[in-house]
Amino acid sequence: MTGSLRDWYLDTLGIVQYRPRDGDAEEIPFHVEPEAKPETPHAIAREPNEPVPEAVPDVEERETVTAASTPSEETRNTDFIEPFRLACWQSGDDTLLFNPLPCGAEPTADEIALLYNLLRAVGHRDDTAPEVETIDWPLTPGAPADLGGARSMLSVFLDARIRQRGVLWVLLMGELPTSLVLPSGQDYGASLGLTEELAGGAKAIVIPSLQEMLQDPSRKRDTWRVIAHLAASR
């Protein structure tokens, strides 16, 4: 995620960031002092240097601790996602597009050219494609890439664009943005070409990614057919 976009997201969530005088944002880890334990009213007298026996939980307590500290296989599989990068383009005020990219990569010249042709097909009148915004997850490199956090981040991002820019159409290009944004959670293959309503009144349309259309040009024709009606709304 670009620095300004990352700062916007953290500010939206109410996360205070320390900014030194030169303007560069720097995250300051915070430390919480451990809560002081109350003194035992009746301490047991012991000889000097006598080791204090550790409390041994009973069988039921040990089973509870073990179950709580060891995530199930299902939890490990569903709560985390591989780090990812999404390219985001805003066409006018009403159309937003998401397309997956390899981590750390920028759109290629062929991908930008295809995107421009796609936008012209739906009434984009500028001479060039809009500027790309990149969204990286997790926000901090090396941090756990949890699935719920990724979905929440994109939900906040979409909600802001819908309210502030009046976005009406969100094109989910490829499997990754579809799995993160589509409310029904339908399988990518089954949802291609479908339209679903998002919170705030915008509608999401699932189409192949730029990479998929470049690898298989026959998919362009189906994509054009699905989004052709957007031109009438401009």
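Each value in this text was obtained by applying a stated rule to the coordinates, not by laboratory testing. Owing to the predicted nature of the structure, the values given are computational and were not obtained by experimental measurement. Glycine gets a Cβ as well: all are built from the backbone with ideal geometry, and neighbour counts include every protein chain shown.
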Considering only region 84-233, percent of DSSP beta bridges that pair antiparallel, nearest 5: 60
Karplus 3J(HN,Hα) series, Hz, for region 95-105 with 6.51 cos²θ - 1.76 cosθ + 1.60 (x for Gly, Pro): 10, 10, 10, 10, 9, x, 9, x, 4, x, 8
Using a Förster radius of 30 Å, what is the FRET efficiency between residue 151 and residue 195 based on their Cβ-Cβ separation? Nearest 0.05, please. 0.90
Relative contact order (percent, whole number), region 84-233, Cα cutoff 8 Å, 6+ residue spacing: 26
Rule-of-thumb Rg ratio for region 84-233 [Cα; 2.2 N^0.38 Å; N residues]: 0.98
